[in-house]
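What follows is one structure encoded as structure tokens, with my remarks underneath.
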Amino acid sequence: MSTASKNSQSSAQAAADLSDFVSSSPSSYHATATAVARLDAAGYTVLDEREKWAIEPGGGYCVIRDGAIIAWRVPREIDRASGFRVFGSHTDSPAFKLKPGGEFDAEGVRQVGVEIYGGPLLNSWLDRELAFAGRLALADGSVVLARTSEIARIPQLAIHLDRQVNDGLSLDKQRHTAPIIGLSDLAESDIIEIVAASAEVDPELVVGHDVYTIPVQEPALFGAHEEFFAAPRLDNLLSVHAGVTAMESLDPDGLESIAVFAGFDHEEIGSNSRSGACGPFLADITERIHGSVHPDATRSDYLALLAGSVCVSSDAGHAVHPNYPERHDPHVRPRLGGGPLLKLNAQQRYATDAVGTAVWARACAAAGVESQDFVSNNAMPCGSTIGPLTATRLGMTTVDVGPALYSMHSAREMCAISDVVALGAAAKAFLQGA
């Protein structure tokens with residue numbers, strides 16, 4: 001089989017696997033459940049934070065906290081010098097979150113109130129069929145996942161009623177974003193009843209909800225040679241997928257460090273939560289791992305271990321847009337298909353430094369993939385990631401990387417499928433210890 005055929009086969013397999021992962025992960029809670037199901041099938045043991053742990057050499061384990069997950073694989077032969085190698089990402093994406101209060105009627109149709117979650121490209125959500133997905137908290141304290149069929153749409157105003165719309169669309173975040181779910185005289189069920197029915201629970205038992213809109217169009221390959229991949233939530237399920245697939249195939253006999261995958265929630269709204277990167281989740285889990293595998297060790301030993309540990313923070317970045325080239329740095333020109341991005345920023349909006357750069361270079365070399373630099377145009381504000389937050393909280397060397405996208409924060413983003421393959425290979429090489 002030729003190299004081109006092998007690459008094509010690898011890309012097709014990666015596209016199918018990523019497509020399944022994205023489709024089964026409409027919310028951060030679903031993404032966590034999808035990751036746990038795959039890791040469980042790969043031999044990982046699901047642990048409860050409320051119980052005492054017994055972690056064995058060579059074992060694989062995972063813990064969930066709301067919409068976040070941390071998984072780890074312990075080397076077969078572990079000693080006190082075995083630090084952590086963390087591949088970090090986030091499970092949430094921009095969307096519209098269902099407000100309390102249910103529906104309201106307006107001009108003969110029934111609508112639902114929503115609140116903007118994160119920073120979506122609002123216009124990209126117009127004129128798309130939408131479902132609702134998330135979690136429901138029940139009166140008995142249990143939590144269930146829910147996902148409806150396509151029941152909603154945010155229709156745009158016709159051009160006949162806004163002749164200047166193509167000169168600049170302006171959307172009021174309150175008045176123009178409420179989805180329509182039915183005709184007033186036909187919509188007998190309220191939205192919670194519909195969502196509860198999708199989870200097969202009694203709506204009277206629902207006492208709380210975290211439910212979001214999702215586009216229902218399936219992920220797909222496209223392009224003259226099917227070299228592109230389009231899907232919702234690539235920021236940042238593409239990185240979550242890379243981390244999970246890497247953890248599935250790790251060899252505990254070849255590990256020198258404890259390999260960790262962290263998928264945090266709430267990155268799109270600042271990470272300030274118990275399941276976000278600003279919270280204690282990763283610090284809690286790594287300290288408990290250390291205490292379990294070295295029961296006679298001190299906290300000073302744990303802190304020393306962190307000082308020798310490394311985190312790769314993987315989040316989506318921007319390829320140079322051919323229709324807006326002036327928005328990017330004039331000399332550093334990352335492109336789709338050029339490999340994962342190494343993200344740098346002098347203000348530490350990304351945590352990458354020279355030491356982290358060397359770590360990433362070794363991982364990419366071991367995986368046989370190219371990497372490309374990303375820096376922002378000085379006149380444009382730079383976003384941030386879980387990278388600086390993780391470096392600040394745990395004090396470990398951190399490097400920011402990620403896949404290159406077009407249409408970031410759109411309801412449907414796009415990437416090059418070759419970059420999906422390359423990021424997965426680099427993630428595995430890093431976690432394995434390259």
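The values are calculated or read from the model by the stated rules, or taken from the named source; none is laboratory data. Values in this document were obtained by computation on a predicted structure and should not be read as measured data. Cβ sites come from the backbone with ideal geometry, for glycine too, and all protein chains shown count toward neighbours. Just so you know, the surface numbers come from the protein's heavy atoms only, side chains and all, with ligands and any DNA or RNA stripped out. Shrake-Rupley method; radii C 1.70, N 1.55, O 1.52, S 1.80 Å.
Some points to look at:
- Contact annotation: residue pairs with Cβ atoms under 8 Å, 6 or more positions apart or on different chains, pairing a residue in the range 192-211 that is at negative phi and part of a strand (DSSP E or B) with a partner that is among the aromatic types (Phe, Trp, Tyr) and open to solvent by less than 50 Å² (accessible area, probe 1.4 Å), are 210/29; 211/132.
- Taking residues in the range 225-251 that are farther than 26 Å from residue 125 by Cβ and open to solvent by 10 Å² or more (accessible area, probe 1.4 Å), and partners anywhere that are among the basic types (Lys, Arg) and not in a helix (DSSP H, G or I), the pairs with Cβ atoms closer than 8 Å and at least 6 places apart or on different chains are 250/73.
- Of all residues in the range 104-147 being on the phi > 0 side of the Ramachandran plot and either more than 22 Å from the chain's Cα centre (by Cα) or free of Cβ contacts under 8 Å to residues at least 60 places away in the same chain (or both), the one that is least open to solvent (accessible area, probe 1.4 Å): 108
- In the set 24, 11, 5, only one residue is at pLDDT below 95, hydroxyl-bearing (Ser, Thr, Tyr), surrounded by fewer than 17 Cβ atoms within 10 Å (Cβ to Cβ) and farther than 26 Å from residue 310 by Cα; that residue is 5.
- Matching entry among 405, 336 (being in contact with a Cys (Cβ under 7 Å, 6 or more places away or on another chain), among the aliphatic types (A, V, I, L, M) and open to solvent by 20 Å² or more (accessible area, probe 1.4 Å)): 336
Results for (1) assigned by the TED database to the domain that holds residue 414; (2) in contact with a helix residue (DSSP H, G or I) (Cβ under 9 Å, 6 or more places away or on another chain), shown as yes or no for each residue.
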| position | (1), (2) |
| --- | --- |
| 10 | yes, yes |
| 29 | yes, no |
| 55 | yes, yes |
| 99 | no, no |
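- Put simply, of 263, 308, 270 the only residue that is free of Cβ contacts under 8 Å to residues at least 60 places away in the same chain and of a type in the set (Gly, Ala, Ser) is 270.
- Residue match in the range 51-69 (condition: within 27 Å of residue 241 (Cβ to Cβ), touching a residue at least 24 places away in the same chain (Cβ under 8 Å), out of contact with any Ser or Thr (no Cβ under 6 Å at 6 or more places or on another chain) and crowded, with 22+ Cβ neighbours inside 10 Å): yes
- Restricting attention to the range 379-400 and to residues that are of a type in the set (A, V, I, L, M) and within 16 Å of residue 354 (Cα to Cα), the residue that is surrounded by the most Cβ atoms within 10 Å (Cβ to Cβ) turns out to be 399.
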